[in-house]
Amino acid sequence: MPLPDAQVKEAIARKWDESSQTYDDHAGHGIKSDEEREAWKSVFKKVMPAGAVEILDVGCGTGEISLLLAEMGFKVTGIDLSDKMLEKARSKAAARGMEIRYEKGDAESLPVDS
């Protein structure tokens with residue numbers, strides 16, 4: 001018998017809470033150099049519209065992409081199921097003096113107006 005959705009979501013959040021402390025250390029997860037940061041920005045510049053764009057970073061994790069987009073001048077809101085991932089993201093944003101809204105949220109039931 002399958003687990004109820006709430007139990008599944010709680011298990012997922014616990015998994016990501018546990019992973020939050022070392023998540024950015026894994027290959028491909030944290031931006032490790034200025035060269036990598038600029039490469040990401042180059043890609044985003046090619047595909048993102050110009051102007052005052054609001055971005056919803058769904059499953060933002062520790063906030064690497066949210067921070068990058070905020071550096072580029074976008075207004076960013078990040079959501080994630082994991083409280084610990086959100087703590088990391090908020091801490092990074094505060095350390096860099098960035099204003100990014102991070103909220104606990106479920107990608108299947110977004111806590112924002114469309």
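The values are calculated or read from the model by the stated rules, or taken from the named source; none is laboratory data. Quick caveat, the model's predicted, so the values are computed rather than measured. Every residue, glycine among them, receives a Cβ derived from its backbone with ideal geometry; neighbour counts consider all protein chains shown. Please note that ligands, DNA and RNA were not included when accessible areas were found on the heavy atoms of the full protein model with its side chains. Shrake-Rupley method; radii C 1.70, N 1.55, O 1.52, S 1.80 Å.
What residue, among those in region 22-37 that are surrounded by 11 or more Cβ atoms within 10 Å (Cβ to Cβ) and among the charged types (D, E, K, R), is farthest from Arg90 (Cα to Cα)? Only one residue fits best here, namely Glu36. For first residues located in region 59-73 and at positive phi and open to solvent by 10 Å² or more (accessible area, probe 1.4 Å), partners that are among the β-branched types (Val, Ile, Thr) and at pLDDT 95 or above and lie 6+ apart or on another chain with Cβ distances below 9 Å form the pairs Gly59/Ile79. Could you please let me know if Glu36 is assigned to a strand (DSSP E or B) and closer than 29 Å to Lys15 by Cβ? No, not satisfied. Between Gly78, Gly105, Gly97, the distinction of being of a type outside the set (S, T, N, Q) and in contact with a helix residue (DSSP H, G or I) (Cβ under 8 Å, 6 or more places away or on another chain) belongs to Gly78 only. Sub-7 Å Cβ pairs linking a first residue in region 4-21 that is open to solvent by 40 Å² or more (accessible area, probe 1.4 Å) to a second residue that is outside any helix (DSSP H, G or I), at least 6 apart or interchain, are Lys9/Leu81; Lys9/Asp106; Ile12/Leu81; Trp16/Leu81; Trp16/Ser82; Asp17/Ser82, ordered by first then second residue.
Determine, yes or no, whether Leu110 is closer than 27 Å to Arg14 by Cβ and either over 11 Å from the mean Cα position of the chain (by Cα) or surrounded by 19 or more Cβ atoms within 10 Å (Cβ to Cβ) (or both). Yes; evaluated as a whole, the condition is true for this residue.
Filtered by the rule that a residue be over 11 Å from the mean Cα position of the chain (by Cα) and not in a loop (DSSP other than H, G, I, E, B), region 60-86 gives Ala70, Glu71, Lys75, Asp83, Lys84. Kindly list the number of the only condition in (1) surrounded by 14 or more Cβ atoms within 10 Å (Cβ to Cβ); (2) at pLDDT 95 or above that fails for Ala94. Single failed check for Ala94: (1). Of the residues Ile55, Ile79, the single one that is modelled with pLDDT under 95, in contact with a strand residue (DSSP E or B) (Cβ under 7 Å, 6 or more places away or on another chain) and within 12 Å of Ile100 (Cβ to Cβ) is Ile55.
Entry remark, region 39-57: residues being surrounded by 11 or more Cβ atoms within 10 Å (Cβ to Cβ) and either in contact with an Asp or Glu (Cβ under 7 Å, 6 or more places away or on another chain) or not in a helix (DSSP H, G or I) (or both) number 5 in total.
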